Amino acid sequence: MKLVTAVVKPFKLEDVKTALSTLGLAGLTVSEVQGYGRQKGHTEVYRGAEYTVDFVPKVKIDVLVDGVDVDRVVDALVEAARTGKIGDGKVWVTPVDEVVRVRTGERGLDAV
Amino acid sequence: MKIDSGDTAWLLASSALVLFMTPGLAFFYGGMTRAKSVLNMLMMSFGAIGLVSVLWVLYGYSLSFGTDAFHGLIGNLDHIGMAKTLTGDGAISGTIPTTVFAAFQLMFAIITVALISGAIADRTKFGAWMLFAGVWATVVYFPVAHWVFFFDDTKDSAGNVIAHHGGWLGDRLGVLDFAGGTAVHVNAGAAGLALALVLGKRHGWPKERFKPHNLSLVLIGAGILWFGWFGFNAGSAVAANNLSGIAFINTQVATAAAMLGWLIVEKVRDGHATTLGAASGAVAGLVAITPACASVNPLFAIILGALVGGICAVAVGLKYKLGFDDSLDVVGVHLVGGASGAILIGFFATATVTGGANGLFFGGGLTQLGKQTLAVVVVGLYSFILSWIIGKVIDKTMGFRISAEDEVTGIDTTAHAESGYDFTSAGGSSGLIAAATAKPLASASAEKE
């Protein structure tokens, strides 16, 4: 089992969600995050005083997948999130030891 | 004189309009602070409404508009507690009841005090502010209002003025300040500068971020100010007549031009026209036309507004160069805007509107310009020096600033035990995670049990 985590541009969330549900994934978790990579921040001006906003708002998507699906999921996600411009984000995969569905107590792949 | 019901109705309405400016100012300022100090900013204005209203009826009206006690410097104490204004000759001022005139002028005193608070955002002990507000109103505003706004003339049988017994600047010297460019804006601006120097910079200023937390609030505030300002300026005719009409249209067009002027400076200098610039430009225009609205024609009101809008847009940058933390630009907008408006009367005044005095551009020479400049300098210096002394005394005795820790935590929670917003899920607004546990009042909880 793997955890696929993606940090992407907020306006791409809808595309990513559609792409993943087309693959048959049953669920995902979304959170609003801030940070910077190569894109850096932007500047704002108030009464002539400049403020540099270091962190750019992004959306973080976490999705649990079966190990055999992971490449298809990552490819679909990257495809859906890409604009080709700086600041498109990152996707990474981490191994998961155990997953439990709270309602039924199912464990492992059954719970994914 | 007989009471005119039209004049009285307009002045009653104007008084309410001018009162409404102070909550407007509170929003205008409040939106510019950080989220953790918005309530304190609002409270400084509301505190001024409470305190100055009481002082005004007790003795403020009398000091400002009582019969002159000494060379046009201060009124006498005849009207303490509004004595001798309820019946008889004293109950009529011009064509309106004296109580209506007093109510109208009270609102000016309130907003002048409230204006100062913008210079000392985020860091001022509330009790110290209230003490300053009361003392400042008493020794600075009430006398200066007498200098500028108190007219008391002897007229001959043909109605010509033969002797002046009013305030030394407005009545005796002939300074043109219709609604308070000097008495209100230069006065409050100079006091703001003094207090910004006495209190010192906020922690982290100007390195850290002090950007406005709610620009929508700033625009609501600017809108309320603009609306209320028609009472301020057109009401200052103390009549519903041709002059109040001129003041009204001049107020509108100068404000509009100033907003455009500020936005043009921003676009050229910073690359963007901003909402904060629009709100600030409008207020700068309102400030600038305040003294001049019954001295210039509408075309020169446009020029005056556009000029001062541009000047103030540049002036708000001064504090970074000079290193004083006038937090919300009371100096850059009110001192500079008020002084510019008052001095430009010396150039743009026309007898068509003033009924007498002409500015430099209308063949009046340098006379009026000299008087205007003198009034700005005298009022500015008087207010700055007195404010600095009052501020220093408060600072050395009870302390004017909250502690560094309280300031960084946020003055709303430390001084008022409240917070303006509850917008994180951890704060409980989404109802998912309760971060705070409510403790009902003793009586209510006893009832439940």
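The values are calculated or read from the model by the stated rules, or taken from the named source; none is laboratory data. These figures come from a predicted structure and were not determined experimentally. In this analysis, Cβ positions are derived from the backbone assuming ideal geometry, glycine residues included, and neighbour counts consider all displayed protein chains. Please note that ligands, DNA and RNA were not included when accessible areas were found on the heavy atoms of the full protein model with its side chains. Shrake-Rupley method; radii C 1.70, N 1.55, O 1.52, S 1.80 Å.
Determine the shielding of peptide A:47-59 by partner chains: average, over its residues, the number of Cβ atoms on other chains within 10 angstrom of each Cβ.
4
Using Cα-only point scatterers and the Debye equation, what is log10 of I(q)/I(0) for the protein assembly as shown at each q in 0.05, 0.12 Å⁻¹, rounded to two decimals?
Taken in order of the listed q values, log10 I(q)/I(0) reads -0.29, -1.10.
Per the Kirkwood definition applied to all pairs of different Cα atoms, how many angstroms is the hydrodynamic radius of the range B:5-397? Spell out each step's value before the answer.
Details: mean 1/r = 0.0485 Å⁻¹.
Computed over Cα pairs of the range B:5-397, the Kirkwood hydrodynamic radius comes out at 20.6 Å.
Enumerate the calculated ³J(HN,Hα) couplings along the range B:396-407 in order (Karplus 6.51 cos²θ - 1.76 cosθ + 1.60, θ = phi - 60°), each rounded to whole Hz, writing x wherever the residue is Gly or Pro.
6, 9, 8, x, 9, 10, 6, 5, 4, 5, 4, 5
Determine which lysines satisfy two conditions relative to B:Lys84: a Cα distance under 30 Å, and not lying fewer than 8 residues away in the same chain.
Straight-line reach from B:Lys84, under 30 Å: B:Lys2, B:Lys155.
List every residue whose amide H lies under 5 Å from the amide H of B:Lys125, counting only residues 5 or more places away in sequence or on a different chain, with H placed 1.01 Å from N in the peptide plane.
B:Arg401, B:Ile402
Would you calculate the convex hull of the Cα atoms in the range B:1-131 and tell me its volume per residue in Å³?
108
Under 20 °C and 1.002 mPa s, how fast does chain A diffuse according to Stokes-Einstein, given a Kirkwood radius computed over C-alpha pairs? Answer in µm²/s, whole number.
138
Considering only Cα-Cα distances, which of the following residue pairs are longer than 28 Å: A:Lys58/B:Lys125; B:Lys207/B:Lys267; B:Lys36/B:Lys201; B:Lys125/B:Lys371; A:Lys58/B:Lys36?
Violating the 28 Å Cα-Cα cut-off are A:Lys58/B:Lys125; B:Lys125/B:Lys371.
Strictly greater than 16 Å: what percent of every Cα pair in the range A:36-102 meets that?
That fraction is 63 percent.
State whether the range B:312-352 is rounded, prolate or oblate according to the following rule on the C-alpha gyration tensor (a ≥ b ≥ c being the square roots of its eigenvalues): a/c under 1.5 gives rounded; otherwise a/b larger than b/c gives prolate, and the remaining case gives oblate.
Taking the square roots of the gyration eigenvalues as a ≥ b ≥ c, the range B:312-352 is prolate.
Please list B:318-327, B:384-393 highest first by mean number of surrounding beta-carbon atoms within 10 Å per residue. Display every interim value, and only then the final one.
Numbers: B:318-327: 16.8, B:384-393: 18.6.
Most protected by this proxy first, the peptides run B:384-393, B:318-327.
List, in order, the whole-Hz ³J(HN,Hα) value for each residue of the range B:49-59 obtained from phi through the Karplus relation with A = 6.51, B = -1.76, C = 1.60 and θ = phi - 60°; use x for Gly and Pro.
Values per residue, Gly and Pro as x: 4, x, 5, 5, 4, 5, 4, 4, 6, 5, 8 Hz.
Quick one: divide the alpha-carbon radius of gyration of the range B:215-367 by 2.2 N^0.38 Å and tell me what you get.
1.03
Please sort B:21-32, B:354-365, B:132-143 by packing, taking for each peptide the average over its residues of neighbouring beta carbons within 10 angstrom, highest first.
Result, highest mean Cβ count within 10 Å first: B:21-32, B:132-143, B:354-365.
Packing-wise, with mean Cβ within 10 Å as the measure, how do A:92-105, B:284-297 rank, highest first?
B:284-297, A:92-105
Sort A:Tyr36, B:Tyr59 by heavy-atom solvent-accessible area, probe 1.4 angstrom, most to least.
A:Tyr36, B:Tyr59
Within a 10 angstrom radius of each residue's Cβ in A:39-46, how many Cβ atoms of other chains show up on average? Whole number is fine.
Mean partner-chain Cβ count within 10 Å for A:39-46: 4.
At 222 nm, what value in deg cm²/dmol follows for chain B if DSSP H runs of at least 4 each add -39500 (n - 2.57) and the sum is divided by all its residues, to the nearest 500?
On the way: 18 runs with 259 residues, N = 449.
Roughly -18500 deg cm²/dmol at 222 nm, from the helical runs in chain B.
Please list the non-local residues whose amide H lies under 5 Å from the amide H of B:Thr33, H modeled 1.01 Å from N, same-chain partners needing a gap of 5 or more.
Under 5 Å from the amide H of B:Thr33: B:His213.
Go through B:Glu405, A:Glu106 and list them by solvent-accessible area, largest first, probe radius 1.4 Å. Working shown, then result.
Numbers: B:Glu405 140, A:Glu106 65 Å².
Per-residue accessible area, sorted high to low, gives B:Glu405, A:Glu106.
Within 10 Å of each Cβ in peptide B:206-213, how many partner chain Cβ atoms are there on average? Round it to a whole number, please. List each step's numbers first, then the result.
Working: counts 1, 0, 1, 7, 3, 7, 3, 0.
Taking the mean over all residues of the peptide, I get 3.
Calculate the length of the line joining the C-alpha centroid of the range A:22-65 to that of the range B:173-206, in whole Å.
Result: 42 Å between the Cα centres.
I want to verify the translational diffusion coefficient of the range B:327-408 in µm²/s; compute it with Stokes-Einstein, Rh as the Kirkwood radius over Cα pairs, at 20 °C and 1.002 mPa s.
So the translational diffusion coefficient is about 139 µm²/s.
Shape call for the range B:111-159 from the C-alpha gyration tensor, a ≥ b ≥ c root eigenvalues: rounded (a/c under 1.5), prolate (a/b greater than b/c) or oblate?
Judged from the Cα gyration tensor, the range B:111-159 comes out prolate (a/c at least 1.5, a/b above b/c).
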